[in-house]
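K.L.:
Dropping a structure here in structure tokens format, bear with me for questions.
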Amino acid sequence: MPPSRSWRSYPQTYRLEAARCKGCGKAYYPPRLICPGCKGREFEHFRMKPSGTIVSHTVIRTPSSEFSGLAPFAVGIVEMDDGPRLTLQLADVGFEEIKTGLPVRLEFRRMYSEGESGVIHYGHKAVLVRK
Ligand SMILES: [Zn+2]
């Protein structure tokens, strides 16, 4: 994603702004203009709670070039408590600790820096909620 476009989407991304369809109640992140479920066009925007549950996970050992400095790293599909599913890096965790069904919270962190220009990209990562 070009830096300018990435930058413009930060406020929405940072706030985890989602949209719930007024027709069928399904929540989407990022928000959509038309509901794929019921074709509704009216949405209620809301901020998702930064918490969810791991529903699937894997370890990336051969990532695309911008993430090559991070490999290996864990990635999971997280079902947010508000409904939408997000693909996120699972941070600060040993690969053997990761299990389906574990609760996570989202934290806004540095993701990677881009080539010579050193443009730094930020995004959400999921960390385990430890009891
Ligand atoms: Zn709908």
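The values are calculated or read from the model by the stated rules, or taken from the named source; none is laboratory data. All values reported here derive from a predicted model rather than from experimental measurement. For neighbour counting, all protein chains shown are included, and Cβ atoms are generated from backbone atoms with ideal geometry for every residue, glycine included.
K.L.:
Please name all residue pairs, on different chains or six or more residues apart, with Cβ atoms under 9 Å, provided the first residue is in region 11-40 and is free of Cβ contacts under 8 Å to residues at least 12 places away in the same chain and the second residue is outside any loop (DSSP other than H, G, I, E, B) and more than 12 Å from the ligand (Cβ to nearest atom).
P.N.:
That search, which allows pairs on different chains as well, returns Pro11/Glu17.
K.L.:
Output the number of the condition that Arg15 fails; it satisfies all remaining conditions of (1) farther than 30 Å from Gly94 by Cα; (2) more than 10 Å from the ligand (Cβ to nearest atom); (3) out of contact with any His (no Cβ under 9 Å at 6 or more places or on another chain).
P.N.:
Among (1) farther than 30 Å from Gly94 by Cα; (2) more than 10 Å from the ligand (Cβ to nearest atom); (3) out of contact with any His (no Cβ under 9 Å at 6 or more places or on another chain), the lone unmet condition for Arg15 is (1).
K.L.:
In region 74-105, what residues are surrounded by 16 or more Cβ atoms within 10 Å (Cβ to Cβ) and more than 22 Å from Pro30 (Cβ to Cβ)?
P.N.:
Ala74, Val93, Ile98, Leu102
K.L.:
Every residue in region 106-124 that is crowded, with 16+ Cβ neighbours inside 10 Å and under 11 Å from Ser51 (Cα atoms), please.
P.N.:
Leu106
K.L.:
So the check is Cβ under 8 Å with 6+ separation or different chains; which pairs have a first residue in region 115-131 that's aliphatic (A, V, I, L, M) and a second one that's at pLDDT below 80?
P.N.:
Val119/Pro3; Val119/Ser113; Ile120/Tyr112; Ile120/Ser113; Ile120/Glu114
K.L.:
Just give me the residues in region 53-73 being surrounded by fewer than 14 Cβ atoms within 10 Å (Cβ to Cβ) and within 21 Å of Tyr28 (Cβ to Cβ), in sequence order.
P.N.:
Val55, Ser56
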